[in-house]
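Colleague: Can you read through this structure? Questions will come right after.
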Amino acid sequence: MRLLVYPHDLSIGGSQINAIDLAAGAAAAGHDVVVYGIPGPLVEYISERKLRYIPASPLHYRPAPTRIAQIAKIAYQNKIDLIHAYEWPTCLDAYYGASLFLNVPVLCTVLSMEVMPYVPPSVPLIMGTADLGEEAEKVQRGKVWVLEPPIDSDRDNPGIDGSYFRRRHTSSTENFLIVSVSRLALDLKLDALVRAIDAVDLLAASYPLKLVLVGDGPAREALEARAKAVNLRHGRAVVVLPGAEMDPRAAYAGADLVVGMGSSALRALSIGRPVIVQGEEAFSEIFEPRTYDLFLKQGFYGLGDARPGAHQLARQIEELVIDPRRRTELGMFGRRMVTERFSLRRAIDLQLGIYQEVLANPPRRNLADAARSARLALELEFANHTPSRKRNRKTRESAVLDAARSGRWPPKTVEHH
């Protein structure tokens, strides 16, 4: 099989790493695999995995005419049998570039936390949670599978040495290390990051703990300002932001506790760390046998009740700070769960089976689907690029960042116009 894998970009993120790991698994199984994507830090990771890489045009429009033309050329010249796109913008590029006119089947994986209306209904989908799979089946004519984000449990293992990371970030007076590895993004991530800082602020006077936020992104300056205020209040470095790390395994391994969501939470569990899973609107839960079924169903993420303050998260952190035996038990339970349910080896076998099923029953081209998806995507792009929408978006982003800098959270609602 000649396979083209198209992550939505090659910045550091769980979806992109999953795409590359699974592509490497397909290559190791004897298939001819090409990775195509907008250049970013993960190009080096593609090289490490010994995969062929073709850079994509960086045009920001979705779908992007230049990438549509590139994909058509790549598919034709390389006699591609199947294109596997990740998230809806890449799916549309691939659909218009190769499926609609060259009749090359497209499979789309959606790991975002909602079913997007822009994917043509005839395109087969892989969703990341059981809940989203059920939602997708209501609107898609193409087949829908559920495949949770996989973890390379051989690479991410409890034997990783985190001592150097720990020595960098702890001292004799700060001996409980909490780590979060995340993009410092406004969407999806910021609420959890702010609440993690606030929860540690509530506990820092009573316990010798430190929070290390590993990552980078547009919210970094605002988070640093909030962290600075916390540090000044306690007279020590309670919260630090050292930046992004291409290989954060030592950060997970050096932690006493990890807070996070999605693939980051799963990687920490694979390395044997106890985890508090965060989401948006004040959601947080300790991963433990009691919450296992919840996270299998909805993914390692959730929506809370948007209550102000971080008292719930602080209580959960405190439970684990004072109980080292429970932390050890949770780390062992998480490792066992990942190797049994979320291992990369299992996911590769499942995904190769999906590829064979798509090739055996390729979706039929549908001009009505193509026209509908193009209309919806173009309407979205037009709305996003109108001056009023740009102003409103900047106003909302400014309000969110101001709230993240200051003591206010969640931010006041900014009306859409």
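Colleague: Rank the residues Thr170, Thr66 as a footprinting-exposure proxy: fewest other Cβ atoms within 10 Å of their Cβ go first.
Modeller: Thr66, Thr170
Colleague: Please say if the stretch 86-236 is rounded, prolate or oblate, where rounded means a/c under 1.5 for a ≥ b ≥ c the square roots of the C-alpha gyration tensor eigenvalues, and otherwise the choice is prolate for a/b larger than b/c and oblate otherwise?
Modeller: Working: a/c = 3.00, a/b = 2.35, b/c = 1.28.
It is prolate, given that a/c is not under 1.5 and a/b is the larger ratio.
Colleague: Return the loop-located trypsin sites (Lys or Arg not before Pro) in the stretch 54-106 (DSSP other than H, G, I, E, B) with at most 16 other Cβ atoms within 10 Å of their own Cβ; answer none if there are none.
Modeller: Lys79
Colleague: Using the Karplus equation 6.51 cos²θ - 1.76 cosθ + 1.60 (θ = phi - 60°), what ³J(HN,Hα) coupling, rounded to whole Hz, does each residue of the stretch 214-224 give in order, writing x for Gly and Pro?
Modeller: Working through the residues one at a time gives 8, x, 8, x, x, 8, 4, 4, 5, 5, 4 Hz.
Colleague: In which sequence would Ile83, Ile126, Ile286 go, from the one with the fewest C-beta neighbours within 10 Å to the one with the most?
Modeller: The fewest-first ordering by Cβ neighbours comes to Ile286, Ile126, Ile83.
Colleague: Compute the angle between helix 190-203 and the longest alpha-carbon principal axis of the chain, please, reported from 0 to 90 degrees and rounded to the nearest 10.
Modeller: 10 degrees
Colleague: If you fit an axis through the alpha-carbon atoms of helix 324-341 and take the longest principal axis of the Cα set of the chain, what angle between them do you get, 0 to 90°, nearest 10?
Modeller: That works out to roughly 10 degrees.
Colleague: Separate question: Could you run the Karplus curve 6.51 cos²θ - 1.76 cosθ + 1.60 with θ = phi - 60° over the stretch 12-19 and give me ³J(HN,Hα) per residue in whole Hz, x for Gly and Pro?
Modeller: 6, x, x, 4, 5, 5, 4, 4
Colleague: Go through Ile71, Cys108, Trp88 and say which Cα lies farthest out towards the positive end of the charge dipole of the stretch 61-117; charges sit on Cβ, +1 for Lys and Arg, -1 for Asp and Glu.
Modeller: Ile71
Colleague: Moving on. Karplus couplings for the stretch 113-123 from phi (6.51 cos²θ - 1.76 cosθ + 1.60, θ = phi - 60°), rounded to Hz, Gly and Pro as x?
Modeller: The phi angles translate into 8, 7, 7, 7, x, 7, 6, x, x, 7, 6 Hz.
Colleague: Ok, one more. Hey, in the GNM for the chain with a 10 angstrom Cα cutoff, which one of Leu380, Leu22, Leu42 fluctuates hardest?
Modeller: In the Gaussian network model the winner is Leu380.
Colleague: As a test, work out the antiparallel percent of DSSP beta bridges whose residues both lie in the chain, rounded to the nearest 5.
Modeller: 10 percent
Colleague: Further question: Using amide H atoms built 1.01 Å from N in the peptide plane, name the residues 5+ places from Val146, or on other chains, whose amide H lies under 5 Å from its own.
Modeller: Met127
Colleague: A further question follows. From the square roots a ≥ b ≥ c of the eigenvalues of the alpha-carbon gyration tensor of the stretch 163-341, which class results: rounded (a/c under 1.5), prolate (a/b over b/c), or oblate?
Modeller: rounded
Colleague: Would you please give the residues with an amide H less than 5 Å from that of Val5, counting only those at least 5 places away or on a separate chain, with H modeled from the backbone geometry?
Modeller: Residues meeting the criterion, in which the H sits 1.01 Å from N, are Val34, Val35, Tyr36, His84.
Colleague: Size of the dipole of the chain about the Cα centre, Lys and Arg at +1 and Asp and Glu at -1 on the beta carbon, nothing else charged, in debye to 20? Don't jump to the answer; show the numbers that get you there.
Modeller: Values: 52 positive and 48 negative charges, 135 e Å.
Charge dipole, the chain, about its Cα centre: 640 debye, nearest 20.
Each reported figure results from applying straightforward, stated rules to the coordinates on display, with no laboratory input. Note that the structure is a prediction, hence the values are computed from the model and not measured. We place every Cβ from the backbone using ideal geometry, glycine too, and count neighbours over all the protein chains shown.
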